[in-house]
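The values are calculated or read from the model by the stated rules, or taken from the named source; none is laboratory data. Keep in mind it's a predicted model, so treat the numbers as computed, not measured. Ligands, DNA and RNA are stripped out before the accessible areas are found, and what is left, the full protein with its side chains, is counted by its heavy atoms. Shrake-Rupley method; radii C 1.70, N 1.55, O 1.52, S 1.80 Å.
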Amino acid sequence: MNVKDLIDLNQSLSKDFVKHTGLIEKLKKENLEFYDLIQDLKGQLVEAKQDIRVANEYIRKLEKATL
């Protein structure tokens, strides 16, 4: 390999590196967005479980009152 070939190879590798770095950053961002979505869904699930407990307790009280 001569110097020109090495320079061309270096430039090609540099472009690939920048391209892959950009893809990695994009994936990191998407991963964080997905993590935030999962955390939000977990919060909604906790709220739904609490609502179900309250509703079940209310149903039990109604059943006792009608007996």
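Just a few scattered comments:
- Residue in the stretch 6-13 that is open to solvent by 100 Å² or more (accessible area, probe 1.4 Å) and among the charged types (D, E, K, R) present: no
- Residue within the stretch 49-65 that is open to solvent by 100 Å² or more (accessible area, probe 1.4 Å), hydroxyl-bearing (Ser, Thr, Tyr) and assigned to a helix (DSSP H, G or I) present: yes
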